[in-house]
Amino acid sequence: MISTQKRKKTDGLVRIVMIKSGQADYVEIEPHSSVHLVGDNGIGKSMILATIQFLMIDDWNRGKMKLSNGALKHKEFYFPTAKSLVIFELESPEGVRHLYVIRGLGKTNNFEIEKWAAEGCWYNENIFVEHESGESKIRSWDSIRDNLLKEASSLHKISNRQERIRLLKNWMGWFG
C-alpha cells in the first residue's frame, strides 16, 4: 500500500517579512499556520498585526495606520529609511508564489513608499540581505531589484489601485 501525504493548502498570505520596519530589524512570520503573538507591552505585537493593512491600503498620502489600541503611526514609523521593506509572500490558488514588496524611499523623499510585484518568486532572505563575515547587511535597492529580476518571471512597479486589486484577485482570489 502506498501512502501519500496531501500537500497542505497554503494559498493566500503565506509570509510577512519586515526589514528595518517599525521597531524591528528583521521579522518573519508565516501566518498561514497558527500564529500566537505573546509578549510585554510595547514590543511590536500590534505593529506586526497592523502591517497586514499594507495589502489593503492604496495610497497613504501622509496617512496613518490605525492600530488596535487606537494609537496612530505615520508611515515614517514603518519606513524610516530607504532600506525599510515590508514583503508579503502570497500563493495563488494554483500554487504559484509571488512577492508583494513595499519599499521605503527614506527621509529625503518624504518617507514615500513604492510597491513592487515579483510574480512567480518565492521569498528568499538572500534576495534582500547579504551575509558577509558573520554580519548581515541589507542590500541596495538596485541589488534587490536585480535579484528579483533573476528569480521572478516578471517584476513591475504597482502604480495604482486597479493594479493592486488585480494582483490580489489573481494571486489570492480576493475581491471574488
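The values are calculated or read from the model by the stated rules, or taken from the named source; none is laboratory data. Because the structure is a prediction, the values reported are computed rather than measured. A quick note on method: Cβ atoms are made from the backbone with ideal geometry, for glycine too, and the neighbour counts reach across all protein chains shown. Note: areas computed on protein heavy atoms with side chains; ligands, DNA, RNA excluded. Shrake-Rupley method; radii C 1.70, N 1.55, O 1.52, S 1.80 Å.
Among the residues making up segment 101-134, those that are assigned to a loop (DSSP other than H, G, I, E, B), open to solvent by 30 Å² or more (accessible area, probe 1.4 Å) and closer than 15 Å to Leu149 by Cα are Gly120, Trp122, Asn124.
Against the numbered list (1) at pLDDT below 80; (2) surrounded by 15 or more Cβ atoms within 10 Å (Cβ to Cβ), Leu72 comes up short only at (2). None of Leu148, Leu168, Leu155 is in contact with a Phe, Trp or Tyr (Cβ under 8 Å, 6 or more places away or on another chain) and assigned to a strand (DSSP E or B) except Leu155. Against the list (1) at pLDDT below 90; (2) surrounded by 14 or more Cβ atoms within 10 Å (Cβ to Cβ); (3) in contact with a Leu (Cβ under 9 Å, 6 or more places away or on another chain), the condition Met56 fails is (2).
All told, Leu67 meets the bar of being at pLDDT below 75 and either open to solvent by less than 40 Å² (accessible area, probe 1.4 Å) or within 19 Å of Leu105 (Cβ to Cβ) (or both).
Which condition from (1) touching a helix residue (DSSP H, G or I) at 6+ places or on another chain (Cβ under 8 Å); (2) modelled with pLDDT under 75 is the one that Met1 breaks? Here Met1 clears every test but (1).
Here is the figure for segment 77-99: residues that are within 25 Å of Arg166 (Cα to Cα), part of a loop (DSSP other than H, G, I, E, B) and among the basic types (Lys, Arg) total 0.
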